[in-house]
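The values are calculated or read from the model by the stated rules, or taken from the named source; none is laboratory data. These numbers were taken from a predicted model, which means no experiment stands behind them. No Cβ is skipped: glycine too gets one built from the backbone with ideal geometry, and neighbour counts run over all protein chains shown. When the accessible area is computed, the model is the full protein with side chains, heavy atoms only, and any ligands, DNA or RNA have been set aside. Shrake-Rupley method; radii C 1.70, N 1.55, O 1.52, S 1.80 Å.
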Amino acid sequence: MFDRIFGIETEYGITCASQIEGSPPPLDAEHAARELFEPVVQEHKTSNVFLPNGGRLYLDVGSHPEYATAECRTLHDIIAQDNAGDLLYQQLLTQVNLRLKERDVPGRIHLLKNNVDSMGNSYGCHENYLLYRRKDFRQVADALVSFFITRQILVGAGYIDRYNHDDTSQGGRYCFSQRADKMWDCVSAASTRSRPIINTRDEPLADGDRYRRMHVIVGDSNISQATTILKIGMTLALLHVIDNGLDISDITLARPMQAIREMSIDTRVAMRHELTSGRTMTAVDIQQTILDRVSSHPSTAELDDPHMSYVFDLWQRGITALKTGDWSTIDTELDWAIKYRLLHDVAQKKELSMSSAQIARLDFAYHDLVDGLRDSLEQTGRMKRIVSHGDVTQATQDAPTNTRAYLRGKVLCAAKRYREDVTSDWYHLRIDNSQHPTITLTDPFACHDERIDELVSLIMQLHEQRHSYQVAQTQQGSGEVVI
């Protein structure tokens, strides 16, 4: 694909639901997270581990289980890696709930791939895009804000707002995004204090003279593969044409943080928003303008990912569906439309309001990794699947072969196989019980490195030496003569 590395970090909500009606949860979030990570800590002596598939599994601040995908260069790989994180946590959930049952703990731990808990607290889904270092990064970031704010009308996860509503909505106002009203700044180096759309903390995790990493924290976590592929694909396409000269600064919103909240609740996309130029546009008009400019730009021909044509098609179909009000053309692909159809159908069938407790439970079930609805929706044709179950399962074991993750994965696979302790982060690798120097991988595009082959060979040699020593000690203890 074109020259870009990207990845997704997902924070999951965690809860332990009581299996005794009317009883409080037997475990709070902190203790539930500890129980969930017990096998990880037993194996790795830490709750923060890099995996042979190139990803990172860890327990984040606030007792949020988190998964960061390996570095990816194709849309297929990012979907497989993102879903691999879900699958790895599903495996941990199966184990922990069996342990709780064996200990007669009357509870069941759930992970939610969403962004807001029942109390209105928010946790994030962060996107990372590698950029070549340029002096005008801040201007580029400012210009992208309107894109990220309006993108929610296509790739939001859908949300019933029970906290900020008017009398007519009766606590059940349906919105595009779960993150929109949790954002407080456009562009900032802070991530938790001001919660910006784009985090500018300069941490490239690569050669800092050549690259920087754009950290986007405004997006929702997505269940639908089609929504994820659109979210990442449309952003990659825009970044590419901006690198090749496209200017979108003329559609900068005058009051962006007000607009992001207003757009989320404006499911009819009728509200007009003022630009810094004095013009006014709707969210859907801004997205149509960006799509038209991107799709007509000469450099778009360089976007050779096999899924990119689908991205452009879904991008346009999503815009058209919003303009016409006919969501049936995208309600098996875009999360907010899939979920709305599901909740609306159940509410009508059972004569419930959107603010009812039953609809709230169904809303959370859409995002549940334990008893979730994704599999049944896909099997019944109500949610489109793009990457196969087999490819997702493979991605829990194997890193993408065309990025630095492949090199890190080779070492970690060897370390696991030969039971050798290795310390790793995104671009450092070191054998703990060895004088071999730390290897630094500053090129995220590199997938071949003789130093990695040497490191794998050394891991094998250390294993053989340890095995030979253990055999010799056993023979000495039994009185055998060792020659």
Checklist entry - If you count, for each residue, the other Cβ atoms within 10 Å and average over each peptide, how do 256-268, 295-307 line up from highest to lowest? => result 256-268, 295-307
Checklist entry - Cross-link list Lys182/Lys339; Lys113/Lys410; Lys101/Lys384: which exceed 27 angstrom alpha carbon to alpha carbon? => result Lys113/Lys410; Lys101/Lys384
Checklist outcome for this item: Under 5 Å from the placed amide H of Val116, counting only residues 5+ away or on other chains, we find Tyr123
Checklist outcome for this item: Rounded to a whole number, the Stokes-Einstein D of the range 279-347 in µm²/s (Kirkwood radius over Cα pairs; 10 °C; 1.306 mPa s) is 117 µm²/s
Checklist entry - What FRET efficiency do you get for Arg255 and Val370 if R0 is 30 Å and r is their Cβ-Cβ distance, rounded to the nearest 0.05? => result 0.15
Checklist entry - Excluding ligands and nucleic acids, what accessible area in Å² is computed for Asp142 using a 1.4 Å probe, to the nearest 10? => result 60 Å²
Item to check | Given charges at Cβ of Lys, Arg, Asp, Glu: the chain dipole, positive-most of Leu130, His367, Thr289 | outcome: Thr289
Checklist entry - So how do 16-26, 434-444, 385-395 stack up, highest first, on mean other-Cβ count within 10 Å? => result 385-395, 434-444, 16-26
Item to check | Percentage relative contact order, the range 33-87, counting C-alpha pairs under 8 Å, at least six apart | outcome: 23 percent
Item to check | Mean separation of Cα contacts under 8 Å, 6 or more apart, over the residue count of the range 263-396: relative contact order % | outcome: 14 percent
Next on the checklist: How charged is the neighbourhood of Gln95? Take every other residue with its Cβ under 15 Å from the Cβ of Gln95, and add Lys/Arg as +1 and Asp/Glu as -1.
Outcome noted: +1
Next on the checklist: What is the sum of charges, Lys and Arg at +1 and Asp and Glu at -1, for the other residues whose Cβ falls under 11 Å from the Cβ of Gln316?
Outcome noted: 0
Checklist outcome for this item: Diffing the range 76-86: the Karplus 3J(HN,Hα) column from phi (6.51, -1.76, 1.60, θ = phi - 60°), in whole Hz with x for Gly and Pro, holds 4, 5, 5, 5, 4, 5, 4, 5, 4, x, 4
Next on the checklist: For Arg134, Arg361, Arg255, give me the order by solvent-accessible area with a 1.4 Å probe, most accessible first, ignoring ligands, DNA and RNA.
Outcome noted: Arg361, Arg255, Arg134
Next on the checklist: Can you give the local net charge around Asn222? Use residues other than it whose beta-carbon is closer than 10 angstrom to its beta-carbon, Lys and Arg +1, Asp and Glu -1.
Outcome noted: -1
Checklist entry - Can you give the extra length, in nm with one decimal, that the chain gains between Arg382 and Glu450 once fully stretched, where that is 0.36 nm per residue apart less the Cα-Cα distance? => result 19.7 nm
Next on the checklist: Give the average over all directions of the projected area of the C-alpha convex hull of the range 331-392, one decimal, in nm².
Outcome noted: 4.5 nm²
Checklist outcome for this item: One finds, for Leu352 and Ile20 with R0 = 22 angstrom and r their Cβ-Cβ distance, a FRET efficiency to the nearest 0.05 of 0.30
Checklist entry - Not counting the cut sites, what is the longest span of the chain without chymotrypsin sites (Phe, Trp or Tyr not before Pro) that DSSP labels loop and that have at most 14 other Cβ atoms within 10 Å? => result 185-483
Checklist outcome for this item: Result for the chain: accessible area per residue, probe 1.4 angstrom, in square angstrom, of 44 Å²
Item to check | Derived scalar couplings ³J(HN,Hα) [the range 422-433; Karplus, 6.51 cos²θ - 1.76 cosθ + 1.60; whole Hz; x for Gly, Pro] | outcome: 10, 9, 9, 9, 5, 9, 10, 9, 8, 7, 5, 9
Checklist entry - So between Arg361 and Met271, what do we pick up on full extension, going 0.36 nm a residue minus the alpha carbon distance? => result 29.3 nm
Checklist outcome for this item: Per the helix-only model, the chain has a calculated mean residue ellipticity at 222 nm (DSSP H runs of ≥4, -39500 (n - 2.57) each, divided over all residues, rounded to the nearest 500) of -13500 deg cm²/dmol
Item to check | Cα lying deepest toward the dipole's positive end in the chain, options Ser328, Gln348, Thr200, charges on Cβ | outcome: Gln348
Next on the checklist: Give me the one-decimal nm value for the distance between modelled label points at His389 and Asp202, 7 Å along each residue's Cα-to-Cβ direction.
Outcome noted: 4.8 nm
Item to check | Sulfur and carbon atoms: percent of accessible area, the range 311-425 [1.4 Å] | outcome: 46 percent
Next on the checklist: Once you keep just the Cα pairs under 8 angstrom separated by 6 or more residues, what percentage relative contact order results for the chain?
Outcome noted: 18 percent
Checklist entry - For Asp247 and Leu98 in the same chain, what is the full-extension length gain: residue separation times 0.36 nm, less their Cα-Cα distance, in nm? => result 48.1 nm
Checklist outcome for this item: For the chain, the longest principal axis of the Cα atoms and the Cα long axis of helix 137-155 enclose an angle in degrees, to the nearest 10, of 70 degrees
Checklist entry - Given labels modelled 7 Å from the Cα in the Cβ direction, how far is it in nm from Asp185 to Glu43? => result 3.8 nm
Item to check | For the chain, share of DSSP beta bridges that run antiparallel, in % to the nearest 5 | outcome: 95 percent
Item to check | Whole-Hz couplings from phi, Karplus 6.51/-1.76/1.60, listed for the range 246-254; x for Gly and Pro | outcome: 5, 10, 10, 5, 6, 10, 6, 6, 6
Item to check | Span from the the range 397-450 Cα centroid across to the the range 327-356 one, whole angstrom | outcome: 45 Å
Next on the checklist: With +1 assigned to the C-beta of every Lys and Arg and -1 to the C-beta of every Asp and Glu, and no other charges, what is the dipole magnitude of the range 1-139 about the Cα centre in debye, to the nearest 20?
Outcome noted: 420 debye
Next on the checklist: As an exercise, use a Förster radius of 45 Å and the Cβ-Cβ distance of His31 and Ser296 to find the FRET efficiency, rounded to the nearest 0.05.
Outcome noted: 0.25
Item to check | Student exercise, the chain dipole from Lys, Arg, Asp, Glu Cβ charges, in Debye to nearest 20 | outcome: 520 debye
Item to check | Of all DSSP beta bridges in the range 74-224, antiparallel share, percent nearest 5 | outcome: 80 percent
Item to check | Diffusion constant of the chain at 20 °C, which comes from Stokes-Einstein with the Kirkwood Cα-pair radius and 1.002 mPa s, µm²/s | outcome: 89 µm²/s
